[in-house]
Structure formats: structure tokens, C-alpha cells
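Just below is one structure, and these are the notes that go with it.
The numbers here are math on the coordinates, done by the rules we state, and not lab data. What you are looking at is a predicted structure, and each value in this text was computed from that prediction instead of being measured. Positions of Cβ are backbone-derived with ideal geometry, glycine not excepted, and every protein chain shown enters the neighbour counts.
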Amino acid sequence: MCGIAGIIDLKGSPSVDKRLLEAMADTMIHRGPDDSGFHIEETWGFAFRRLSIIDLATGNQPHYNEDRTIVSVCNGEIYNYRELKQTLIAKGHRFRTNCDVEILVHLYEEYGSANISSGLSSLNGQFSLAIYDMKEQSLLLARDCTGITPLFFTEAEDSFIFASEIKAILKHPSVRRTVDLTGLDQVFTFPGIVSPTTMFKDIQSLKPGHYVIVRNGKVEIREYWDLVYPKEGESGNPQPESFYVERLDELLRQAVRCRLNADVPVGFYLSGGLDSSLIASIINDFYPEEKWRSFSIGFNQADIDERKYQRIVSSQVKSIHYEIVFDWPDIINRIKTAVYHAESPLKESYNTCSLALSELVRSHGMKVILTGEGSDELFGGYVGYRFDMLQRDGIDEIDDAQTQIEKEIRQRLWGDSRFLYERNFYEFRETKAAIYSHALGAMMDDFCSEGMELVDVSKMIGRHPLHKRSYVDFKLRLSDHLLSDHGDRVSLANSVEARYPFLDKDLIEFARTLPVALLMKDSAEKYIVRKTAERYLPGAVINRQKFGFVAPGSPYLLKQDVQWLNDILSFDKIQREGYFNPDTIERLKKMYRSDKFTVNQTFDNDLLMTVITFEIFLELFDMPDFS
């Protein structure tokens, strides 16, 4: 993948500065160290940083249509470009390169801005794109269905500014640096920030499956795709189990095959779990004579080390295997880098492990990696799905005032007062109120995230509990957390592109149709994935209990007595900045430093990790105190 950026003057004034666009592009050189490209007019301009993967010789961007009236830059890959290209050639379009994303200008030409939703829906890939139509004087931005590639934008003093990373937008002198308190509250409350919110007030993240049209000084945001499950009782006539197993195998093989397309070597991650192991085995099944490279991370702590299973699969597929042993002091060495690339506070420290893994990949000259994210959200892979099948949380049997408020919160968020996601929000609101400063606590109603619309509730009403959780996980866990701060950011920090076969659009559309009974069977998660894997993997990998990896949290960090960490959590600094209650932070520090205190990161909130990484965030991005 790459990095894109651009500026358009909303009043049509000649104000675009080439030096500014170059500076924006330079902040993203880690996303694209191989080349750069620009198209600059008086009233608008595009910037591009390239990570060369397909058509190394002539694939640099921007791309143009035949008469150069349509210009595009794209961060990502279009996996069905060959089929789309043949259709477009048959209709008279002429191509200049063999680059996959050159199809975008011709696709836009074919569909036009009035029907662009259909054009975007025809794409199967991971992308964020920008297209400028000189005849209509309009800008199109779009983000892929699942949000693999990020795209941010803002308006500042009559300029519309966008980029693959916020740090590029911050180069614009008119953009103010102000903390978005809702973003901070979302990090505390949910798996992470939820688009369109970011940690920067007035800078938005384009939601997955959405596009933006900028025309005549107006900005319109529209949806072109969403994950829509059938209502209970409307799933049609179920097929035999064997049908679904065969179809999943077919679609997964198709998804893996097209993600191997590159003009540079491709490797894969091996976590030791079911999903990455299955991808590795399918790759080997395609090309058994090829010496593929695999990469994994190990730990000195036996209870979380998975090298045994990683080596089993590597031996089976005969890959050239590289592994790195990550030691906990490495967290201290990488935590600031992780926050810088995430552009956000973090709830956990494991981004530092992922950074080390992408460093390993890049150190061996690799640019492209296949990985297994997305399977858990589609096929019921978390413990919450098991709880959904076994029981509800008993909230209907309780009728006190606090429970009634909790029911109202859940009803507003999910359209279902019985649906438990992450935690009881009413109780946790009290925890947050104690952490926030008195000034912030007094205005919590203005920014508290559980009071805001997060998902389209109409797409949850009437759905099976497992489908509800899948939908919410897609919106709150996958897109802006696992694929953004834990995916895109940590891989491209080291100029590595991650590709996700389980997030293939055709595979997702198929997963929507699966009978719920094939997701969870006999309390075993991802039943159909396990059945599909039986033809590829040994039982030792298929039948092992799901392993939820967590790295040590803030209790570990605090006990290392690191000076810079002590400084950013000092009473005086916390009090001066005005975001947190210094007395509460002092009590938490004392508690977390206790020898007997631990945080179960699967079920507990590591409150001080969010505080620590927020403090790092303030320093790295020169954010103002709250006053």
C-alpha cells in the first residue's frame, strides 16, 4: 500500500502550495519509500508516496484517463482488477500501465459521479482512493468495505484536506490541534476509536464502505456498502453442511490466490492459530515446490509462547521460517513509536510486538504479507459469541434504577436492552468520571461515547445474537482497531503491506448467508472454519483452544521504574494538563505497582495503559492542555 494526500480550495481560489503537498507526502514516507508523484493545479492538488508492489517500472501515480481530465491516486490493491480491466477494454478504454489501480479512472469514467456507488461496489480490494474530475470540478474520496486502509479529512479556512494519515493533515498551517474528547472516551469504553471520530477535533476518519463527494464548495458523505445480515427466520432454505464447507474452501482459496499477485516476493505470518495456519497451507497447496517465507513472534514466557504450533505448520508447508523472540523490555523501547503511528492512545501494549514483527519482515527484504485477521469477526471466534449462544446476562431479571439506565443505554446503542458488549456502561461511566478531571467530569454528557450513535441500529434489530455481535465487532473492533492501529499502522510503519484473505468481499458476502449453527457448535467457535481446515491442517492445530494473545500492560511498565514514564505520570504534569484527576491517577499508580495486582486484559480495562499512551500522544503531537 501507499500514502495519498490532497488539498482542494472550497471557494475555487488559487491557493494550493506545492511545497505544502510535498511536506504532507514526506510525513508518510514510511508508507511509500520507493517513489512519489504529484498533480498540482491552482485550486487543488494530489500527493502520492509509493510502495512499489505491482508494475514496478510504470505503476507510479497519479493515473489519468485518456484525455487526462480524470486524475486518481490510490492507497491499496484492487484484487479483481483483471476482470474489470477486460470489461473496460471491451468498452473502448485504453490503459497505459499494468498497475491494478489504473482501472479507477476508467471505472469512474464508465459510471460517472451520479452512479459511483455501483462502481465502488464492483471493487474487491483494500483501498482508499481519491479521484478528481476536471470537467465537473469535483473530488471523490472512498474507503474500502471493511476499512483496511484509512483515510482522513478535514475542512480548515476554505480548504478541504485529506490524507492516509493524520500527521500529513497536521502539516497544513490552518489545521488546529485540539483533542477530541469523544475519541478519548471511546478508547476507554470500546475496543478503540470508532470512525468518523479521531483523536483530533474536526478531523474525521472516513467510515468503511463510505465515500465523499466535494463539489461546489459542499461536502457530502454517503454509504455504498454495509454488512447486512438476514433477519432471524429470513435466511432462506439451508443447504447441507458439506455445501457450505466446500463453498468456504473455494472462496478462501480464491481470496488467497489473488492476494499472492505481486511483482515482489510475498510471505505470510504464522501466529500458531487456526486462521494464519490455514492460509499458509492453502498457499503451499497452490505452489508446493515454492519456498515461501513465513514470519512469527515468540516469547520467553511459556504460557503465551506459540512457537510450538508455528513450527508445526512451518514444517508442514516447508517454509523458510523466521522468528523473533520478543522480550518485555522491548515494550518500553517501542511504545512511543506505536503511539506515533497509531495517532491515538492505545488500550494494550501488543502493538509493540506487531511493530517488531513487521521490522523482522522488512529486515529480510519483504514488502507483502498475508495474515489471518477478520475470521474471528465473521465466524464467531471470540468468547462473547460463546456467551451469546449459552446465555444472556440476566439483566431482564433485575429491576432497580441503575439497571434500568443500563437497559436504556443498550437499547440506544444496539436496539436491544439485553445485548451485552464489552461491559455495563452505566457502571463504567462512574469509573471514567473518577479518572477525568473535575472540569471534564462536569461536561461528560457532551462527549460521553455511549450516548452517541455508533452503528446503524436498524441493521441489528431482528438479527440473531451472533450476527449482532459480528456486526458490532466489524464496526467497533475490526475496522478502526485491528485493521488500523494494529494493522495498517504497524505494518506500514516498516513499509510492509498486509493482505487479509478472510476479508475478501465475496467471502464476506458468503459468510452473511451461513446458518448460525455452523458458526458455533458444541460451544466450539468457528466450527465451519475448523471443518474446512481438516483437509489442510493437523488436529493439533485445528483442535487447540483459541489463544487470546495479550502482552503485559501498565502494571508491568510501572514496575520498571522508567524515568520518562514516571515523568509523564507525575502529579504536577497530570494536574497541569487538565485531562485527568491527579489524585485518581496517583491511587491507580499505587494499586498497579502492587506485587499482587494484575490486569486480565481479556475482561478487564487497563485504565493506566490508556492514560500512559494518551500522555505520550499529547507530547508526540504537541497537543494543548485542557482549559
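Suppose the chain between His438 and Lys291 were pulled fully straight at 0.36 nm per residue; how much longer would it get relative to their current alpha carbon spacing? List each step's numbers first, then the result.
On the way: separation 147, 0.36 × 147 = 52.92 nm, distance 5.99 nm.
Working it through step by step, the gained length comes to 46.9 nm.
Relative contact order, percent, of the chain when contacts are C-alpha pairs under 8 Å separated by at least 6 residues? Intermediate results must be reported in sequence, preceding the final value.
Details: 1144 pairs, mean separation 97.3, N = 627.
Value for the chain: 16 percent.
How about the range 519-617: which trypsin sites (Lys or Arg not before Pro) there are in a DSSP loop, with at most 16 other Cβ atoms within 10 Å of their Cβ?
Passing both the DSSP loop test and the Cβ count: Arg535, Arg544, Lys546, Lys596.
Report the rotationally averaged projected area of the range 56-135 based on its alpha-carbon convex hull, in square nanometres.
Average of the hull's projected areas for the range 56-135 equals 4.9 nm².
Using only the Cα atoms of the range 30-177, each taken as one equal point scatterer with no solvent, compute I(q) by the Debye sum, divide by I(0), and report log10 of the ratio at q = 0.10, 0.16, 0.19, 0.20 Å⁻¹.
-0.33, -0.88, -1.26, -1.40
Just for the Cα atoms in the range 231-283, what are the lengths along the principal axes, largest first, rounded to whole Å?
That works out to 46, 25, 22 Å along the principal axes.
Using the number of other C-beta atoms within 10 angstrom as an exposure proxy, rank Leu346, Leu260 with the fewest first.
Fewest to most other Cβ atoms nearby, the residues stand as Leu260, Leu346.
Looking at the range 1-110, which GluC sites (Glu not before Pro) are DSSP coil and have at most 11 other C-beta atoms within 10 Å of their C-beta?
Glu42
What nm distance separates the two modelled labels at Val457 and Ala23, each placed 7 Å from Cα along Cα→Cβ?
With each label placed 7 Å out from Cα toward Cβ, I get 4.5 nm.
Which value in nm describes the separation of the simple spin-label points at Glu157 and Gln301, placed 7 Å from the Cα toward the beta carbon?
4.9
Counting only DSSP beta bridges with both residues in the chain, what percent are antiparallel, rounded to the nearest 5?
75
Can you give the Rg to Rh ratio for the range 554-620, taking only C-alpha atoms and Rh from Kirkwood?
0.94
Separation between the Glu241 and Thr58 pseudo-spin-labels, each 7 Å from Cα along Cα→Cβ, expressed in nm?
With each label placed 7 Å out from Cα toward Cβ, I get 5.3 nm.
How big is the convex hull of the Cα atoms of the chain, per residue, in Å³?
159
Hey, can you rank 49-62, 186-199 by average C-beta count inside 10 Å, highest first?
The packing order, highest mean first, is 186-199, 49-62.
Within a 10 angstrom radius of the beta carbon, how do Leu252, Leu104, Leu420 rank from fewest other beta carbons to most? Let's see the in-between values first.
Working: Leu252 23, Leu104 29, Leu420 20.
Ascending number of Cβ neighbours within 10 Å: Leu420, Leu252, Leu104.
Stretch Lys336-Glu619 to full length: gain in nm at 0.36 nm per residue minus the Cα-Cα span? Walk me through the numbers before you get to the answer.
Details: separation 283, 0.36 × 283 = 101.88 nm, distance 0.98 nm.
Between Lys336 and Glu619, full extension yields an extra 100.9 nm.
How do Ser315, Ser344 rank when sorted from fewest to most other Cβ atoms within 10 Å of their own Cβ?
Listed from fewest to most nearby Cβ atoms, that is Ser315, Ser344.
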